[in-house]
1. Identify, please: which residue in the stretch 349-386 is open to solvent by less than 50 Å² (accessible area, probe 1.4 Å), touching a residue at least 12 places away in the same chain (Cβ under 8 Å) and assigned to a loop (DSSP other than H, G, I, E, B) and is, among those, farthest from C101 (Cα to Cα)?
2. Only one residue in G85, G114, G121, G128 is more than 23 Å from the chain's Cα centre (by Cα) and either open to solvent by less than 20 Å² (accessible area, probe 1.4 Å) or modelled with pLDDT under 95 (or both). Which one?
3. Among the residues of the stretch 300-315, are any open to solvent by 20 Å² or more (accessible area, probe 1.4 Å), outside any helix (DSSP H, G or I) and of a type in the set (S, T, Y)?
4. Within the stretch 60-150, considering only strands (runs of 3 or more DSSP E) that don't extend past its boundaries, which have at least 1 residues that are among the basic types (K, R)?
5. If the requirement is being aliphatic (A, V, I, L, M), farther than 24 Å from L286 by Cβ and out of contact with any Ser or Thr (no Cβ under 7 Å at 6 or more places or on another chain), which of these qualifies: V102, V116?
6. List the number of the failed condition for Y28; all other conditions in (1) assigned to a loop (DSSP other than H, G, I, E, B); (2) aromatic (F, W, Y); (3) at pLDDT 90 or above hold.
7. Considering each residue of the stretch 209-239, count those that are of a type in the set (D, E) and open to solvent by less than 40 Å² (accessible area, probe 1.4 Å), and give that number.
8. Considering every residue within the stretch 414-425, establish whether at least one is among the small types (G, A, S), free of Cβ contacts under 8 Å to residues at least 40 places away in the same chain and not in a helix (DSSP H, G or I).
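The values are calculated or read from the model by the stated rules, or taken from the named source; none is laboratory data. Source: prediction; values computed, not measured. Heads up, the Cβs are rebuilt from the backbone with ideal geometry, glycines too, and the neighbour counts pull from every protein chain shown. SASA here: full protein model, heavy atoms, side chains in, ligands and nucleic acids out. Shrake-Rupley method; radii C 1.70, N 1.55, O 1.52, S 1.80 Å.
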Amino acid sequence: MKVKVLSRNPDDYVRETKYDIQRVPRNYDPSLHPFEVSREYTRALNATKLERVFAKPFLASLDGHRDGVNCMAKHSTSLSSLLSGSCDGELKIWNLTKRECVRTLQAHEGFVRGIVVRFCGTSFFTVGDDKTIKQWKMQCPGYGEEEEPLNTILGKTVFTGLDHHRTEGVFATCGQQVDIWDEQRSSPIRSFTWGVDSFSSVRFNPVETDLLASCASDRSIVLYDMREATPLKKVVMTMRSNTLSWNPMEAYHFTCANEDYNLYTYDMRNLEQPLLVHMDHVSAVLDIDFSPTGKEFVSASFDKTIRIFPKDGGHSREVYHTKRMQHVICVKWSADNKYILSGSDEMNIRLWKANASEKLGVVGHREKAATNYNQKLKEKFQHHPQIKRIARHRHLPKTVYHQSKEIRVMREARRRKEKNVRKHSKPGSVPVATEREKHVVTVVK
């Protein structure tokens, strides 16, 4: 007689110690798991709800300035250092780890208009309303030493912006014209003008380091090459741009913050129309900074909010505001991609998380795996109505909420009017202008 006996190798299912996880044999054939999708949907829904529950982006407020914070600069080699300049000419250096001010100096008389740290991190430059450019040592002066700048250059006009080259001892300023300076000389090595009375900001390209761009008061954005004697080209928009920021990962793309409540991403090779229009703010956008990954950027607005946009998305994924925060003048994204810093009118610098619900501190292996799993589930079910509604919902201040509704109504009315005009006109006499084409007046080369 033949007897069949089940035989199993204990190594396949018995734990070696009581601290190990139980081994469970699994068959991943989908036909054996008919309820897997509904189970995953419930998990995705719970993960989305928990994400909103734990979304607490505000971390700290750095107070100490006696006037509105006008500009900020990240340290080029240290993650924990931040420089900020206020409207009374005072400059402070902060230690973000301890969240305290480590050094204060009276840099200028009147506003501090721009701060930039040299690429090596040993010194920094400031410009102000007193028509001077000053270079300062990053280290605190020793005991008994006076707080003196390393170098002072007196200009002919007020400087409104400043930026430093990524690898060379060259920096650019803007005011009535855009000047390129060598650190060793007291006069500019090159000056660019193009019939404009003033410029509000200038930025070096972090990838193609000889290129730079500036925003002018005649509603134009002008592009330059340091190796050329004249500007390359400019695009004139319907309203003035306050500042711009280059994408650190895509050499020819930049995004500008405009007075018409929008942000525009351009490819400098084709300025005829922007690649994308980013809408959501309900007042003038005052500052912008890209994340080091180049996938997102943060914008600061006169409407007292900060918004985070994906670089290829027309609407913001996140909006930050507090009851006390007034008009946000400047904003920076930290070099480790984790934090956002904002400086506002009411003399405070605020520290925010770039990802509102992210857990700070040490995260265990299993916790990290669970977070990644939940993230994938949310991505898988992101277009389901209920999950989409929960993930998109944000609390807004009452004024911002009502203004955005009003803007939506106005935009709809304008669209309806255009449609009616086109309907009652001769075919082809009123061309259809896309949203991207509407905002560009002309491109001058």
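1. By that ranking, first place goes to F381.
2. G128
3. Kept after step one, since they are open to solvent by 20 Å² or more (accessible area, probe 1.4 Å), are these residues of the stretch 300-315: 302, 304, 310-312, 314-315.
From the residues that got through so far, the ones that are outside any helix (DSSP H, G or I) too are 302, 304, 310-312, 314-315.
Restricting the remaining residues to those that are of a type in the set (S, T, Y) gives none.
There is no residue in the stretch 300-315 that is open to solvent by 20 Å² or more (accessible area, probe 1.4 Å), outside any helix (DSSP H, G or I) and of a type in the set (S, T, Y).
4. Numbers: elements: 69-74, 81-86, 90-95, 100-106, 112-117, 123-128, 132-137.
Per the criteria, 69-74, 90-95, 100-106, 112-117, 132-137.
5. Just one listed residue meets the conditions, V102.
6. So Y28 meets the others, but not (3).
7. Restricting attention to the stretch 209-239, the residues satisfying the condition of being of a type in the set (D, E) are 210, 218, 225, 228.
Checking the rest, the ones that are also open to solvent by less than 40 Å² (accessible area, probe 1.4 Å) come to 210, 225.
Residues that pass the stated criteria total 2.
8. Checking the stretch 414-425: at least one residue is among the small types (G, A, S), free of Cβ contacts under 8 Å to residues at least 40 places away in the same chain and not in a helix (DSSP H, G or I).
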